[in-house]
Amino acid sequence: MCKEPPDLIVEVVSPSTRERDLGVKVHLYARFGVKEYWVVDPDTETLTAYRLEPAGYQPQVPFCGGDTLVRPHFPNIPLRIAEVFLP
């Protein structure tokens with residue numbers, strides 16, 4: 001059993017779960033203090049990082065294509081977005 005929330009949750013949305021992933025789950029993760037919530041959207045091939053602020057999750061600029069994602073909580077783990085969506 002976890003006693004602390006994870007620093008990061010990555011959600012891959014699908015048409016059948018999109019509303020739940022971007023609605024109910026976001027509020028649940030924020031309530032429990034998950035610092036970062038990433039939403040991977042295979043339809044648009046984007047990754048949107050949300051950072052937990054006092055007012056709730058604040059979206060950062062969506063990342064796509066040739067972008068490399070580097071987040072403050074994980075500075076030594078760069079993620080090339082193109083590699084997320086390899087065929």
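List of remarks:
- Evaluation of residue 38 against the conditions (1) in a loop (DSSP other than H, G, I, E, B); (2) open to solvent by less than 70 Å² (accessible area, probe 1.4 Å) shows that the sole unmet condition is (1).
- Among residues of the range 41-62 being among the charged types (D, E, K, R) and either touching a Phe, Trp or Tyr at 6+ places or on another chain (Cβ under 9 Å) or in contact (Cβ under 8 Å) with a residue 60 or more places away in the chain (or both), the one that is most open to solvent (accessible area, probe 1.4 Å) is 45.
- Every listed requirement among (1) open to solvent by less than 90 Å² (accessible area, probe 1.4 Å); (2) under 15 Å from the mean Cα position of the chain (by Cα) is met by residue 65 save one, (2).
The values are calculated or read from the model by the stated rules, or taken from the named source; none is laboratory data. Just so we're clear, the structure is a prediction, and the values are computed from it rather than from any experiment. Quick reminder, even Gly has a Cβ in these numbers, built from the backbone with ideal geometry, and neighbours come from all protein chains shown. Note: accessible area is taken over every heavy atom of the protein model, side chains too, but ligands, DNA and RNA are not part of it. Shrake-Rupley method; radii C 1.70, N 1.55, O 1.52, S 1.80 Å.
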